[in-house]
Each structure stands twice: as structure tokens, then as C-alpha cells.
Amino acid sequence: MAIIEVKGLTRDFSYYEKAEGLSGSFRNLVARKKLTRQAVRGVSFGVREGEMVGFLGPNGAGKTTTLKMLSGIMHPSSGEALVMGCVPWQRRKDFRMRVSIVMGQRSQLWPDLPAIETFNLNRQIYEIGRKEYESSLGELVELFGVKELLGVQVRRLSLGERMKMEITAALLHRPKVLFLDEPTIGLDLLSQRAIRDLVKALNERSGTTVMLTSHYLSDIEELCERVILINSGSIVYDGPLSGVNATLAERKVVKLLFSEPVERAVLEAYGGLRGLEGQTATYDVARSSVRDFSRRALGELPVADLTIEEVPLEEGIARLYRGDASPAGGESPRG
């Protein structure tokens, strides 16, 4: 059953062109040129209850704008969306009480007050019973190891500590749908791991539906079996994470470490040279040709070591962003 349904969702932003220099500023007083940019272009998708979906795209692709519309922060220019059967931007109380959004570059905490003050305020806003509140807060604080920081002013916390407090505030009312927009941005590896563990446990125990954006692919690989890729406001792929690189399954990355320098011209003659760094050359080789390529390189070049790797997930995603590859195992582009 779909808990999030999106059909033709579009968001336009209007702005005015600014002419250069002082004379341009005077011209703008008389006649300004109005421009329109489509941040989101008719996207459509559905998310099942309890599913964790990675929502990926380069900067400016429309990820945050989409999550803002689905969480009710922003109205669309056109299109439809239902989250838990509610129209998000109508901001009905029963919707607001069951949804939460965490934005890594925006704070819901009061910077000059300790985080516990925001938590107590949220308890009143979300009408959380005292016993349930203490249980949720105790569980989250213990998981993140921040009990001794509850009384510290938020502006005196490190970035990692603040993000842990942000997520704690967002989860106190046990939301049914959780939107996470870059929740681990700028965090150290241990903090990233703690947040991923929390999200995974929340999903397993409570069946919370999660939509996650992140530039750290380790977040996506560990939490999400399905990804939606968006670029220039349109969906370019919607399907299993395993399908992202299926388009590149017939390629391998071969790395050659040489015992002595080899001229680039000699290496380029082999074809498929991806890069040369010091005495290590990297090649893009067809899977069916790996054995012959390796045999030839070992016989003709001063190879000290040879490794064969899969094409990185990042490259599969980047190629789909650019439209260089057709997704395998997923749905066709929509929007």
C-alpha cells in the first residue's frame, strides 16, 4: 500500500534578471525581465508503507524542493500528492502530528537555549504524554550518548552533536513518515554510523517510512534497497539500487601498478585508459576482454600488481544523471 503518492508534482520559481552595473540598476527600475525556473518538473512516484527510499540527485536537482512539498512546507505550482492520505500543504493537524523532516542545513533548535528546552516545547506541540515522552527521549539520548549535553546551549555544540539533537527533536513524537535531507552532512564517520543505526532501528521496530537524500552513498547503500534519481527537476531512474550499476555490468576496472615508469603513449595504445597516477594506470575494460587484456599487459609491461574491480556505484549514478546510460532493472524515466 502506498503511503506517499505523487502525480505530476511541479514547482516553479520566478525571479528577475539583474542587468550589470549602475545603469542596469536604473533600467531595472523601469522595466524588469521576469524569468521562471522549474525546480521540479512533473515528477510522479509512490512509496510503500515501511519502505526506505534513497532520493538522489546533484546539487540543484530538486530533491529538497520535493521534500519540502511532501512535508507541507511549500506549495506546488501544479500536480498532486498524498502523504498518509493527506494533502501535505493543507497542513492538517492529523498530518502534522505524524510526519517529521530533518534538514542537515536548517535547524529547528533554538541556538541560545539548551536542546532540552526545544524537546520540552515539542512535547507540548505534539501533545506527547509524559510517560511516552520520557521513554522516547531516554531511548534517543542513550543511543546517541548525549545525555550530558542536554543542558548545553545549542550554539556551543559541535556539528555532530547538534545533528544528533536535531534528529532527537524530530523523532520524539514517533512520526509515521520521516523525511531526511542530508542528515549526515559534515559529520564524522562515527556520527554517521550512529544516525544510520538509529534510522534502521526505527524502521525495523516501528515500520517508519523514510525518504532520504544524501551525498554519502554509504548512507544509501546501507539503508535503502530502492533509489529515485532526479536531475534537473525530472526523475531519471526509479528502481532497485542494484539496478543502478546493472547498465555497467559488462565493464570492469583494471588497475595496473608498474615497477618502473611507463610512457603514457604506450599505455594509451592499449585502449580504455581511464587515468594515470604515478606508476598506477587504470583501465576501463569489457568484461569479456579482461582475461586477454590482463595476459597482454602482464606479458608486455613491467606490471608489479594487477587488480580487477567492479565499476564504482558513484559512476553508475553519475552516468544516469548525465543520461549516458539507460537504467536496467528499474522503471523508465518519468516526469
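The values are calculated or read from the model by the stated rules, or taken from the named source; none is laboratory data. These figures come from a predicted structure and were not determined experimentally. Every residue, glycine as well, gets a Cβ built from its backbone with ideal geometry; the counts of neighbours run over all protein chains shown. Note: areas computed on protein heavy atoms with side chains; ligands, DNA, RNA excluded. Shrake-Rupley method; radii C 1.70, N 1.55, O 1.52, S 1.80 Å.
Things to note:
- Only residues that are open to solvent by less than 10 Å² (accessible area, probe 1.4 Å) and closer than 27 Å to VAL83 by Cα were counted in region 138-170, giving 7.
- Residues that are assigned to a helix (DSSP H, G or I) and at pLDDT 85 or above, drawn from region 167-191: ILE167, THR168, ALA169, ALA170, LEU171
- Taken over region 79-96, the criterion of being closer than 20 Å to ILE228 by Cβ and either open to solvent by 40 Å² or more (accessible area, probe 1.4 Å) or within 12 Å of the chain's Cα centre (by Cα) (or both) is satisfied by GLU80, LEU82.
- Scanning region 1-29 for residues that are part of a strand (DSSP E or B), open to solvent by 70 Å² or more (accessible area, probe 1.4 Å) and of a type in the set (Asp, Glu) yields a single hit, GLU5.
- Hey, SER214 within 15 Å of the chain's Cα centre (by Cα) and closer than 27 Å to LYS7 by Cα or not: yes
- Hey, VAL254 aliphatic (A, V, I, L, M), open to solvent by 10 Å² or more (accessible area, probe 1.4 Å) and under 30 Å from LEU276 (Cβ atoms) or not: no
- In the condition set (1) without any contact (Cβ under 8 Å) to a residue 60 or more places away in the chain; (2) under 17 Å from MET163 (Cβ atoms); (3) not aliphatic (A, V, I, L, M), GLN105 is compliant with all but (1).
- The lone exception for LYS255 - which of (1) under 30 Å from ALA39 (Cα atoms); (2) touching a strand residue (DSSP E or B) at 6+ places or on another chain (Cβ under 7 Å) it fails: (1)
- Contact map, region 1-27: residues that are over 19 Å from HIS75 (Cα atoms) and among the acidic types (Asp, Glu) paired with residues that are in a strand (DSSP E or B) and open to solvent by 50 Å² or more (accessible area, probe 1.4 Å), Cβ distance under 9 Å, separation 6+ or inter-chain. Pairs shown: GLU17/LYS34.
- Selection within region 239-266: residues that are of a type in the set (A, V, I, L, M) and under 20 Å from SER288 (Cα atoms). The member of this set that is modelled with the lowest pLDDT is LEU248.
- Every pair of residues 6+ apart whose Cβ atoms lie under 6 Å, when the first sits in region 172-194 and is closer than 19 Å to ARG98 by Cβ while the second is open to solvent by 10 Å² or more (accessible area, probe 1.4 Å) and of a type in the set (Phe, Trp, Tyr): HIS173/TYR126
- Scanning region 197-233 for residues that are open to solvent by 30 Å² or more (accessible area, probe 1.4 Å), among the hydroxyl-bearing types (Ser, Thr, Tyr) and either in contact (Cβ under 8 Å) with a residue 40 or more places away in the chain or farther than 23 Å from VAL141 by Cα (or both) turns up TYR216, SER218, SER232.
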